[in-house]
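What follows is a short report on a single structure.
The values are calculated or read from the model by the stated rules, or taken from the named source; none is laboratory data. What you see is a predicted model, and the numbers here were worked out from it, not measured in a lab. Glycine gets a Cβ as well: all are built from the backbone with ideal geometry, and neighbour counts include every protein chain shown.
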Amino acid sequence: MDCKLIFEDEKPMLVAGDEKLPFFAYMTYFTENAHYKDFTQCGYHLYSVCAGFTEMPINSESGFSPFRRGIFSVKGAADYSEFDADIKYLLDADENALIFPRVYLSMPEWWVRENPSEVLPTFADPIGREMLFSDKYKTDCGQLLGQFISHVRQAEYSERIIGYQLSGGNTQEWFHFDHNGSFCANAFPYFCRYVNAKNPGAADGYSVEKFLNGDYMREFSRFANDTVADTIEYFASLCKLQCGGKQIVGTFYGYSLENHTQFRDGGFSMYKLLESKNIDFFSSPFSYTDDRSLEKDLSYMLAEKSVRLHGKAYIVEADLRTHLSDYPEKNRKDIKIKRLYRGSVWFGENNEELTIFQLKRAFAKVITGNGGMWWFDMWGGWYATKRIMDEMRYLRQLADLPFSKALPVGTHAAVMIDETLWERHELYEENIQREFCKSLCASGIVGDIYLMTDFDAIKDKYSLFLFPQPDPPQNIIEYCRKNKIAFLYGEKIKTKDIRAVYAKAVGVPLADEGDIVYEGNGFIAVHAVSAGVKTITLPLGYTVKPIMCDNLSVEHNAFTVNIDKYDTVILRIVSN
């Protein structure tokens, strides 16, 4: 089915055939445990279904794979039966389903064994996995991608397919399988080619011995990121071409705020992919900071406003653990896994009420921000209670609300994130940009997060710029000084400092210090870190109407609302 992504007052919408719907979806790894009928009855008709070219692990640490068999596991004998059965299972539950498969672009074992010079060994796979910058990997996997899309377009369910999400590498998120740039002797020729392309002859005297000794590690780190972005663009262009440019294409990428200490993971060249004409949306999970504690913001991993600035959508993966979450082997007995998933990050809240508070906070973040998401019921059954599904139904209804003009952008602060920060501060054990987000979320103001490379496009739109780093570009600081634009930078910016500079440069913060406020798209939401009455002060000329809110008292441009601890309220902003 033909499908395109459009924006209506900043709201990402899918136009699929004669249908138009918001980008709110559901997916799971384990189709046999999916709750498709439950979500269909709640108004969800947008889904993603996983497709894997191999059953080799998607996680090089654990050995975990959601695929019982890969489509191309047997050389020359493609087997689409598992994927086709998964699609049929979904369509039996919802004949009106619109589906964008998550395609795992990783090579089968026979290819790995046939191409030892194009792979690196990993913990879970001693025979190796493809290097993400390998020419042969891109060429051969591109051919498999073409075969897969051709099969889908000829299948009886083809009219329910609206596009593809391209995934690859470790955890399907385009991370190198070693989290270290695919650092091995096989990478050396590719690295030298990269260096010479940027500066002809610069790598002519390089030796593989010095390379493996780490002598060129700073250049290699740039290579490790840039080449992953190039690989994603390569596959996205093939996918768009195969679809005739008439279906959506998305990808995981851009974890600039999350993986600072893993700066050779591959995700620090977002600036390159933002210019792509072949990518419609980017995705990443909510941040895992502090195990997504209800005491904190549920923040994004990437510079969401830069994504929108460049005409793309950011669709967040809400893989939120619930009180029903458990380990994968408890949900699929024949699962292949070497090191079991363990740790607090795999468990949600202790009870159903706190789980619902998590879901409400996530939805509030999205409806006031990027505007699209999918609920990732990872092993299946994480949302399987009547009360949770009632909440899912209500949230899906709210997702249909139109966006409207938000508060003037000048009432926000612009937060500038530097993808190259690791080049100057690679030894930092602390992710200073992520730590800054903790201070920001408790400040009672809204920060719009951009990449530093987009400063020129927004430099005259904001009255306050925040730079969570010790050494922002001098030309940018000089511009702010010359034009009397307030700014704040530093390694450890505190909440009180953010509030102080905001009050001087912009005005009264929206909320008191401590509780979390989201605002955008004509909505405002408050997440209560503590129980009690919360006071929100809007700019003059604005007031609110309740949507997901009780106990509201409004007086001109200010309102108070009594909120239970960890609950979230959502209101519509209106002009007086």
Taking segment 111-133 as the region of interest, how many residues are of a type in the set (Lys, Arg), surrounded by 20 or more Cβ atoms within 10 Å (Cβ to Cβ) and farther than 14 Å from Phe183 by Cα? 0
Which is aliphatic (A, V, I, L, M) and either closer than 28 Å to Ala313 by Cα or surrounded by fewer than 17 Cβ atoms within 10 Å (Cβ to Cβ) (or both), of Ala155, Ala187? Ala155
So, in segment 315-339, of the ones that are in contact with a Ser or Thr (Cβ under 7 Å, 6 or more places away or on another chain) and within 23 Å of Ile516 (Cβ to Cβ), which residue ends up surrounded by the fewest Cβ atoms within 10 Å (Cβ to Cβ)? His323
Those residues of segment 191-218 that are surrounded by fewer than 18 Cβ atoms within 10 Å (Cβ to Cβ) and either in a helix (DSSP H, G or I) or touching a His at 6+ places or on another chain (Cβ under 9 Å) (or both) come to a total of 10
Read through the list (1) assigned to a helix (DSSP H, G or I); (2) within 20 Å of Phe67 (Cα to Cα), then give the number of the only condition that Ser106 fails. (1)
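Within segment 82-94, which residues are of a type outside the set (A, V, I, L, M, F, W, C) and out of contact with any Lys or Arg (no Cβ under 8 Å at 6 or more places or on another chain)?
Hits for segment 82-94 are Asp84, Asp86, Lys88, Tyr89, Asp92.
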Exception for Tyr489 within (1) farther than 25 Å from Thr453 by Cα; (2) among the aromatic types (Phe, Trp, Tyr); (3) touching a Pro at 6+ places or on another chain (Cβ under 8 Å) falls at (1)
Test Lys88 against the criterion of being surrounded by fewer than 20 Cβ atoms within 10 Å (Cβ to Cβ), modelled with pLDDT of 95 or more and under 30 Å from Asp377 (Cβ atoms), and give yes or no. yes
State which residue is nearest to the chain's Cα centre (by Cα) when the search covers only segment 253-271 and only residues that are aromatic (Phe, Trp, Tyr) and at pLDDT 90 or above. Tyr253
Identify, please: which residue in segment 71-84 is free of Cβ contacts under 8 Å to residues at least 24 places away in the same chain and assigned to a helix (DSSP H, G or I) and is, among those, farthest from the chain's Cα centre (by Cα)? Ser81
All but one of (1) assigned to a helix (DSSP H, G or I); (2) exposed (fewer than 14 other Cβ atoms within 10 Å of the Cβ); (3) in contact with a helix residue (DSSP H, G or I) (Cβ under 6 Å, 6 or more places away or on another chain) hold for Thr453; which doesn't? (2)
Residue within segment 121-133 that is in contact with a helix residue (DSSP H, G or I) (Cβ under 6 Å, 6 or more places away or on another chain) and not in a loop (DSSP other than H, G, I, E, B) present: yes
Take the residues in segment 1-47 that are of a type in the set (Asp, Glu) and part of a strand (DSSP E or B); name whichever of them is surrounded by the fewest Cβ atoms within 10 Å (Cβ to Cβ). Glu8
Does Glu513 qualify as being touching a residue at least 24 places away in the same chain (Cβ under 8 Å), in contact with a Ser or Thr (Cβ under 7 Å, 6 or more places away or on another chain) and loosely packed, with under 15 Cβ neighbours inside 10 Å? yes
Under 6 Å between Cβ atoms, which residue pairs at least 6 apart in sequence (or on different chains) link something in segment 349-361 that is in contact (Cβ under 8 Å) with a residue 40 or more places away in the chain with a partner that is polar (S, T, N, Q) and not in a helix (DSSP H, G or I)? Lys360/Thr568; Arg361/Thr568
Qualifying residue in segment 305-326 (condition: at pLDDT below 95 and part of a helix (DSSP H, G or I)): no
If Asn96 satisfies every condition in (1) at pLDDT 95 or above; (2) over 30 Å from Cys42 (Cα atoms); (3) in a loop (DSSP other than H, G, I, E, B) but one, which is the exception? (2)
For Ser62, work out the one condition from (1) of a type in the set (S, T, N, Q); (2) in contact (Cβ under 8 Å) with a residue 60 or more places away in the chain; (3) buried (at least 20 other Cβ atoms within 10 Å of the Cβ) it doesn't fulfil. (3)
Considering only residues that are modelled with pLDDT under 95 and in contact with an Asp or Glu (Cβ under 7 Å, 6 or more places away or on another chain), which ones fall in segment 44-84? Met56, Pro57, Ser60, Ser65, Phe67, Arg68, Arg69
Based on what the data block shows, is Arg424 more than 17 Å from the chain's Cα centre (by Cα), among the charged types (D, E, K, R) and crowded, with 16+ Cβ neighbours inside 10 Å? no
Only one of (1) in a loop (DSSP other than H, G, I, E, B); (2) surrounded by fewer than 18 Cβ atoms within 10 Å (Cβ to Cβ); (3) among the hydroxyl-bearing types (Ser, Thr, Tyr) fails for Tyr394. Which number is that? (1)
Expected single match for among the aromatic types (Phe, Trp, Tyr) and either in contact with a Lys or Arg (Cβ under 9 Å, 6 or more places away or on another chain) or without any contact (Cβ under 8 Å) to a residue 24 or more places away in the chain (or both) among Tyr489, Tyr462 is Tyr489
Just checking, does segment 403-417 include any residue being part of a loop (DSSP other than H, G, I, E, B) and in contact with a Lys or Arg (Cβ under 7 Å, 6 or more places away or on another chain)? yes
If I filter segment 342-356 down to residues being assigned to a loop (DSSP other than H, G, I, E, B) and surrounded by 17 or more Cβ atoms within 10 Å (Cβ to Cβ), which single residue comes out as modelled with the highest pLDDT? Glu349
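Matching residues to (1) farther than 14 Å from Asp94 by Cβ; (2) of a type in the set (Phe, Trp, Tyr):
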{"position": "Lys4", "(1), (2)": "yes, no"}
{"position": "Pro12", "(1), (2)": "yes, no"}
{"position": "Ala25", "(1), (2)": "no, no"}
{"position": "Phe30", "(1), (2)": "yes, yes"}
{"position": "Lys37", "(1), (2)": "no, no"}
{"position": "Thr40", "(1), (2)": "no, no"}
{"position": "His45", "(1), (2)": "no, no"}
